[in-house]
1. Kindly list the number of the only condition in (1) open to solvent by less than 30 Å² (accessible area, probe 1.4 Å); (2) in contact with an Asp or Glu (Cβ under 9 Å, 6 or more places away or on another chain) that fails for Leu28.
2. I need a count of the residues in region 68-83 that are open to solvent by 30 Å² or more (accessible area, probe 1.4 Å) and more than 13 Å from the chain's Cα centre (by Cα).
3. Note down all Cβ pairs under 7 Å where the first residue falls in region 110-128 and is closer than 22 Å to Glu62 by Cα and open to solvent by less than 70 Å² (accessible area, probe 1.4 Å), the second is of a type in the set (Phe, Trp, Tyr) and at pLDDT 90 or above, and they're at least six residues apart or on different chains.
4. May I ask you to list the residues in region 129-151 that are open to solvent by less than 10 Å² (accessible area, probe 1.4 Å) and either β-branched (Val, Ile, Thr) or assigned to a strand (DSSP E or B) (or both)?
5. Does Glu82 qualify as being modelled with pLDDT of 95 or more and among the charged types (D, E, K, R)?
6. Would you please name the residue that is nearest to Cys92 (Cα to Cα), looking only at residues in region 23-60 that are in contact (Cβ under 8 Å) with a residue 40 or more places away in the chain and more than 15 Å from the chain's Cα centre (by Cα)?
7. I need the strands (runs of 3 or more DSSP E) fully contained in region 19-121, keeping only those with at least 2 residues that are hydroxyl-bearing (Ser, Thr, Tyr) and closer than 20 Å to Thr152 by Cα.
8. Considering only residues of region 152-185 that are open to solvent by 30 Å² or more (accessible area, probe 1.4 Å) and polar (S, T, N, Q), which is farthest from Glu62 (Cα to Cα)?
Amino acid sequence: MRVMAAAGYSEDRDALAQIWAPFLAVALPGALWLPVPNLGAAQVTDFCAGWGIDRLILSGGEDIGTVPRRDESELSLLAWAEALQLPVLGICRGMQLMGCRAGAALQPVTGHVATRHPLEADPNESVNSFHALALTGCPPGYRVLARAADGTIEAIRHLSLPWEGWMWHPEREAVPRRQDIDAIRSVFA
């Protein structure tokens, strides 16, 4: 979850865009979801285990390295999910973190902030885009699922774990895309 400074308070607050709830209600009706706070490596997996969490979405937000506690929490969650073979969907920053954890690097990209762009496989289909960084290449242990028309990696899938990463934001579509609903159901099936 994104970390936000609370005006008038001396502590940070975790925040998740409210648009996730209606998207998940359509994409995965009947599924229960719990936002996971950025508790750091020492506590976050105990929190998840205590609540019986059996799947994860790593949402978008700050660039990696901006909020160390978030990085630490989410890296710990990925190690925990890997050990338990849990499904994970990384959205934007979440996909970047998955890729960097596997050994990929990030590079600046242009033309991907607050816009729509087509995917290489289907120029008639476009996705929303809100990122200024992209993976430099396919991370070890993953395969590329989608590229932007400019060749930038837009989606990856782990070769042996039920993990996918998407650089677009399915929750930000006015009407959820059928492709995103089918794909998220496939990840969490």
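1. Leu28 satisfies all of (1) open to solvent by less than 30 Å² (accessible area, probe 1.4 Å); (2) in contact with an Asp or Glu (Cβ under 9 Å, 6 or more places away or on another chain) except (2).
2. Let us first name the residues in region 68-83 that are open to solvent by 30 Å² or more (accessible area, probe 1.4 Å), namely 68-69, 72, 75, 79-80, 82-83.
Subset that is more than 13 Å from the chain's Cα centre (by Cα): 68-69, 72, 79-80, 82-83.
Of the residues in region 68-83, 7 are open to solvent by 30 Å² or more (accessible area, probe 1.4 Å) and more than 13 Å from the chain's Cα centre (by Cα).
3. Pairs that qualify, where the first residue is closer than 22 Å to Glu62 by Cα and open to solvent by less than 70 Å² (accessible area, probe 1.4 Å) and the partner is of a type in the set (Phe, Trp, Tyr) and at pLDDT 90 or above, are Val127/Trp168; Asn128/Trp168.
4. First, pick out the residues of region 129-151 that are open to solvent by less than 10 Å² (accessible area, probe 1.4 Å): 129, 131, 134-135, 139, 148.
Listed by number, the residues that qualify are Ser129, Ala134, Leu135, Ala148.
5. Working: modelled with pLDDT of 95 or more: yes; among the charged types (D, E, K, R): yes.
For Glu82, the condition - modelled with pLDDT of 95 or more and among the charged types (D, E, K, R) - is met.
6. Per the stated criteria, the residue is Ala27.
7. Details: elements: 56-58, 88-91, 106-108, 113-119.
Because the criterion is at least 2 residues that are hydroxyl-bearing (Ser, Thr, Tyr) and closer than 20 Å to Thr152 by Cα, no strands (runs of 3 or more DSSP E) in region 19-121 meet it.
8. Ser160
The values are calculated or read from the model by the stated rules, or taken from the named source; none is laboratory data. Not measured: the values here are computed from a predicted model. FYI the Cβ positions are ideal-geometry reconstructions off the backbone, even for glycines, and counts take in every protein chain you see. Quick note on the areas: whole protein, heavy atoms, side chains included, nothing else; ligands and nucleic acids left out. Shrake-Rupley method; radii C 1.70, N 1.55, O 1.52, S 1.80 Å.
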